[in-house]
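One structure is given here, and the rest of the page talks about it.
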Amino acid sequence: MRKIIVSLHMSLDNVVSNPENWMLMSDDILESAILYYEQLDTAIFGSKTYPFLAEYWKHAEQISPSNIERQFAKKINEINKIVLSRSNVEIVWRNTELHNFSDAQSLSRLVERLKQQNGKNISIESGVGMWKLFLENSFFDELLVSIHPVIVGKGERLFLNFPNKEELILINHKIFDNGVVELHFTKR
């Protein structure tokens, strides 16, 4: 059975919104992301962040001045992508399909169908609303969180008023040269 992995970046003070203001990317983080993508064949995006990510990454393979970023763009452009939405969204990125859902129950049915299909793992890539839905409803098997050594102060936080206790086991960790710490958990 395929695993659902929630993959996210956050600041040290748990801020996940507006990452362009605090995210510390580096070549070694992108190299790690390329390795992570080797175990995936599907990435899921929320409808609010999808247009921005699609607009950047669909062109980055050709226009980025960074060789490692072009390699990552090639990987993300080739993978199957799903946009989850409660409304209609214009699909502009290759290998992308739209899946509509109306509530947590319809999302649960969709997640179970995806997990039962043949293939590699599925990564929940963005955004805040998607991460909250998957975490709060326990629609995940693993959590991959990269903590950036930045205190942002303002922004949307992910784990405030979390409705359920979720026990996790640390299965791997990495510390990148720029101080970003990646923690990989599985559910207990």
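A short reminder: the numbers here are calculations on the coordinates, not readings from a lab. Source: prediction; values computed, not measured. Glycine also receives a Cβ, built like all others from the backbone with ideal geometry; neighbour counts cover every protein chain displayed.
Remarks
- With the gyration tensor restricted to C-alpha atoms of the chain, the semi-axes of the equivalent ellipsoid amount to 23, 22, 17 Å, longest first.
- Given the chain, longest segment not containing exposed loop GluC sites (Glu not before Pro) (DSSP; at most 13 other Cβ within 10 Å): 91-166
- An oblate overall shape is assigned to the stretch 89-129, the ratio a/c of its alpha-carbon gyration tensor axes (a ≥ b ≥ c) being 1.5 or greater and a/b not exceeding b/c.
- Neighbour net charge for residue 177 - beta-carbon separation under 15 angstrom, K R +1, D E -1: -3
- Spatial separation of Cα centroids for the stretch 8-23 and the stretch 126-188, in angstrom: 11 Å
- Extending 7 Å from the Cα toward the beta-carbon at both residue 80 and residue 104 defines two label points whose distance is 2.7 nm.
- Of all DSSP-defined beta bridges confined to the chain, some 35% are antiparallel rather than parallel.
- The stretch 4-187, relative contact order [Cα under 8 Å, separation at least 6], %: 35 percent
- Along each principal axis, Cα extent of the stretch 61-125, largest first, Å: 44, 27, 15
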